[in-house]
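Structure record follows, encoded as structure tokens.
The values are calculated or read from the model by the stated rules, or taken from the named source; none is laboratory data. Since we're looking at a predicted model, the values are computed, not measured. Neighbour counts are summed over all protein chains in view; Cβ atoms, including those assigned to glycine, are modelled from backbone coordinates with ideal geometry. Accessible surface is based on the protein model in full, side chains and every heavy atom, while ligands, DNA and RNA are left aside. Shrake-Rupley method; radii C 1.70, N 1.55, O 1.52, S 1.80 Å.
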Amino acid sequence: MRHMALQRLRSVGGLARSLFIYWRPGRQRGLKRLYQPFIRPGAVAFDIGAHLGDRSAAFHALGANVVALEPQPDLAKWFKRLVKPTSITLLPMAAGPTAGFAEIAISPGNPTLSTLATEWREQIGERNAGFSQVRWEQRLRVPVTTLDILIEEYGEPSFIKIDVEGFEAEVLAGLSRPVAALSVEFVSGALEVNHACVSHLSRLGEYRYNVVAGEQRHFRWTEWQTPQAITEWLTTGAEELPSGDLYACRSDHQLLQKCV
């Protein structure tokens, strides 16, 4: 009983931290500015690992038809409280390489760090000090879909955001076509995940890459990088950045034409 009470207290504290990080004043303005080049009004956008819905809200404000996946019931409840538009499709599912079911490991004290990636979860605490105190104490069996299935049902997205704590490469494995643009999270100590993402995207088509560090809302470089350059950047340690998002833009994307 006492253990459950402590676990609930950690969960409340974790949600409070996430609310401060992802819904602090002014953040939506920066997110809309960041995503505006990728979101065409009326086009589809996928939010894979929607968490508390801050990205979904920005996509919707830019005119996208948003399809968001969040398998954790507590986070999904908060998503519905924070993101009001009923036109957003929120699915209580995860994404992966194949459709079916999988077990998500939930950290009550850090619910946005919950993951389907077993090996990543077992190793990240030793590789990255920021995760050394994270404990995944709960398990939940959740339905899993694929990006290909989502595209078949909702249409090809102009942008896909993937933030699933070490499971990004598995999510991309469920994609068989070169979509216009996407982002995947990177974390120090687990950059092999992003190597796998770049390799998969290179098999699908020709892409260029950029980076947003941490929770910043601007790109690190004025010029988008080749697969070879971003692979070298990852191989040499990603400038020792603790975390961030790796963005991939198909070579014919309008954003890249403006940069020429």
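Starting from the Cα gyration tensor of the range 14-56, take the square roots of the eigenvalues, sort them a ≥ b ≥ c, and report rounded, prolate or oblate (rounded when a/c is under 1.5, otherwise prolate if a/b is larger than b/c, else oblate).
Values: a/c = 3.75, a/b = 1.63, b/c = 2.30.
Note, shape of the range 14-56 comes out oblate.
Need one number: nm distance between label points at Glu153 and Glu223, each 7 Å from Cα along Cα→Cβ, rounded to one decimal.
Rounded to a tenth, the inter-label distance reads 4.3 nm.
Expressed as an acute angle from 0 to 90° and rounded to the nearest 10, what is the orientation of the C-alpha long axis of helix 118-127 relative to the principal long axis of the chain?
Orientation of helix 118-127: about 90 degrees from the principal axis.
What residue among Pro143, Pro178, Pro85 shows peak mean-square fluctuation when the chain is described by a Gaussian network model with Cα springs under 10 Å?
Pro85
Determine, at each q value in 0.24, 0.28, 0.32 (inverse angstroms), the log₁₀ of I(q)/I(0) that the Debye formula gives when each Cα of the range 157-206 is one equal point scatterer.
Debye curve over Cα of the range 157-206, log10 I(q)/I(0) at q = 0.24, 0.28, 0.32 Å⁻¹: -0.89, -1.18, -1.42.
In whole angstrom, how far apart do the alpha carbon centroids of the range 214-233 and the range 93-131 sit?
25 Å
Probe of 1.4 angstrom, ligands and nucleic acids ignored: what's the accessible area per residue over the range 157-260, in square angstrom? Don't jump to the answer; show the numbers that get you there.
On the way: 4280 Å² over 104 residues.
That works out to 41 Å² per residue.
Among Leu191, Leu241, Leu150, which one shows the biggest mean-square fluctuation in a GNM of the chain, springs joining Cα atoms closer than 10 Å?
Checking each option, the largest mean-square fluctuation is seen for Leu241.
What does the charge dipole of the chain about its Cα centre add up to, to the nearest 20 debye, if the Cβ of each Lys and Arg holds +1 and the Cβ of each Asp and Glu holds -1? Each step should come with its number before you reach the end.
Values: 28 positive and 27 negative charges, 253 e Å.
Dipole about the Cα centre, nearest 20: 1220 debye.
Cut-off 10 angstrom, C-alpha nodes, Gaussian network model of the chain. Which of Ser56, Ser107, Ser202 fluctuates the most?
Comparing Ser56, Ser107, Ser202 in a Gaussian network model of the chain, the most mobile one is Ser202.
For the range 49-186, what value does the Rg/Rh ratio take when both radii are computed over Cα atoms and Rh is the Kirkwood radius, given to two decimals? Show your work: numbers first, answer last.
Details: Rg = 14.7 Å, Rh = 15.4 Å.
Here the Rg-to-Rh quotient is 0.95.
Please compute the per residue accessible area over the range 63-138 with all protein chains in place, 1.4 Å probe, rounded to a whole number of Å². All intermediate terms of the calculation are to be shown ahead of the outcome.
On the way: 3710 Å² over 76 residues.
Dividing the accessible area of the range 63-138 by its residue count gives 49 Å².
Counting only protein heavy atoms and a 1.4 Å probe, tell me what percentage of the range 1-159's accessible area is made up of carbon and sulfur. Don't skip to the answer; put the middle values down first.
Values: 4350 of 7960 Å².
Whole-percent figure for carbon plus sulfur exposure: 55.
In degrees between 0 and 90, to the nearest 10, how far off the longest principal axis of the chain does helix 192-204 point, with axes built from Cα atoms?
40 degrees
Using 0.36 nm times the number of residues separating Ser87 and Ser243, minus their current alpha carbon distance, what extension gain do you get?
On the way: separation 156, 0.36 × 156 = 56.16 nm, distance 3.15 nm.
Full extension from Ser87 to Ser243 adds 53.0 nm.
Taking all pairs of different Cα atoms in the chain, averaging 1/r and flipping that mean, what Kirkwood radius in angstroms comes out?
Values: mean 1/r = 0.0539 Å⁻¹.
Kirkwood radius, the chain: 18.6 Å.
Report the gain in length on full extension from Ser176 to Arg17: 0.36 nm times residue separation, minus Cα-Cα distance, nm rounded to one decimal. Working shown, then result.
Working: separation 159, 0.36 × 159 = 57.24 nm, distance 3.63 nm.
Value of the extension gain: 53.6 nm.
Once both labels are modelled 7 Å past Cα along the beta-carbon direction, what's the Ser202-Gln254 spacing in nm?
Label at Ser202, label at Gln254, 3.0 nm between them.
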